[in-house]
Every structure is written in structure tokens, then in C-alpha cells.
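Here the structure comes first, spelled out in C-alpha cells, and everything after it is commentary.
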Amino acid sequence: MVEADPDLQHRFARRLTVAGNRVVGTSSGEGALALASHWAVDLAFVAEDLPAMEGLEVVRRLAKLVPHARIVLLVSDDGPDVSAAAILAGATACVRKPRRGDRLIEIAARLDAEAEAAERALTQVAGAAE
């Protein structure tokens, strides 16, 4: 969880933890990159409005550092230009920053379901090729 606002970061992290996720939070892009270089990251929520390094740049660097991770850019305006830039930078999704942590849980569950469906499809294709 990369969020500059400590109260919001704590609230989001708490909701995700209660839902059964292990969450590590930081308030900066530099902190996110340092954490990702030492911890296994499978999902990252990155706010666009971070100090020193924009969220989009954090997404770009995280995608290179941990290419298997699913990265969600949390934005104040989720228009098509912003979403396209986020996807090109390596984000899995770009969504409007929620007011409640429950929305992050829904996003994480949706991404998990999509990943499982893709894995099943690959398994079927591999089985059919044999």
C-alpha cells in the first residue's frame, strides 16, 4: 500500500489485513521500491499523488522490479488518458481512489479471480498441446 496520507494508508491497510491479506505500507515511491526489493510483492496499490515521485513513475519502476506483481494505480480522475498511461506504465488496473477500504478488497478479489481464470486457461492449453 503506497499512500502519502498516513490516516488513509492505515485505514486501507487495516481493511485489507482484516480481509486476510498481509499488507506492508509506505508513504513514498522510494519506500515502495525499497520494500519491493526485499519483500515478495504480488499486489500493490499505488496512489498517484505521492511526494518526490509521481505514482505513475512508481508503477513504471515497480513493474520492472517485480514483473509478476499486479499493480493498481489509485487516481483522483480515472479518465481514459490516465488509465491508458497507467496501463502503458505497467499497471494492471487504474481506478478512482476509494473512500473506503472495502473497495480495495473488491478490486483485489477481482484481480485474484482473473489471475486464477488465466492460469486455468493456460493449464488447459498446455494439456491440449500434449
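The values are calculated or read from the model by the stated rules, or taken from the named source; none is laboratory data. Nothing here was measured: the structure is a model prediction, and the numbers come from that model. When we count neighbours, we look across all protein chains shown, and the Cβ atoms used for this are built from the backbone with ideal geometry, even at glycine.
Between Ala4, Ala52, the distinction of being at positive phi, surrounded by fewer than 18 Cβ atoms within 10 Å (Cβ to Cβ) and assigned to a loop (DSSP other than H, G, I, E, B) belongs to Ala52 only.
Set side by side, the residues Arg99, Arg70 differ, and just one is within 23 Å of Arg11 (Cβ to Cβ), basic (Lys, Arg) and free of Cβ contacts under 8 Å to residues at least 12 places away in the same chain, which is Arg99.
Residues considered: Val46, Val95, Val41, Val58. Of these, the only one that is in a helix (DSSP H, G or I) and either of a type outside the set (Ser, Thr, Tyr) or touching a Lys or Arg at 6+ places or on another chain (Cβ under 7 Å) (or both) is Val58. Summed over region 3-61, the residues that are aromatic (Phe, Trp, Tyr) and out of contact with any helix residue (DSSP H, G or I) (no Cβ under 7 Å at 6 or more places or on another chain) give a count of 1. For region 46-59, a residue qualifies if it is over 12 Å from the mean Cα position of the chain (by Cα) and either under 12 Å from Thr92 (Cα atoms) or among the acidic types (Asp, Glu) (or both), and the qualifying residues are Asp49, Glu54, Glu57.
Considering only region 68-86, state which residues are farther than 14 Å from Phe45 by Cα and either assigned to a helix (DSSP H, G or I) or under 12 Å from the mean Cα position of the chain (by Cα) (or both). Result: His68, Pro80, Asp81, Val82, Ser83, Ala84, Ala85.
Just one of the listed residues (Arg61, Arg96) is exposed (fewer than 14 other Cβ atoms within 10 Å of the Cβ), at pLDDT 90 or above and not small (Gly, Ala, Ser), and it is Arg96.
Do the conditions hold for Val24, that is, is it of a type in the set (A, V, I, L, M, F, W, C), surrounded by fewer than 16 Cβ atoms within 10 Å (Cβ to Cβ) and over 15 Å from the mean Cα position of the chain (by Cα)? In short, no.
Against the definition (over 13 Å from the mean Cα position of the chain (by Cα), modelled with pLDDT under 95 and either under 21 Å from Arg11 (Cβ atoms) or not hydroxyl-bearing (Ser, Thr, Tyr) (or both)), how does Ala129 come out, yes or no? When the stated conditions are applied, Ala129 passes them. Taking the listed residues Ala19, Ala34, Ala13, the one that is exposed (fewer than 14 other Cβ atoms within 10 Å of the Cβ) and either more than 12 Å from the chain's Cα centre (by Cα) or at pLDDT below 95 (or both) is Ala34, with no other qualifying.
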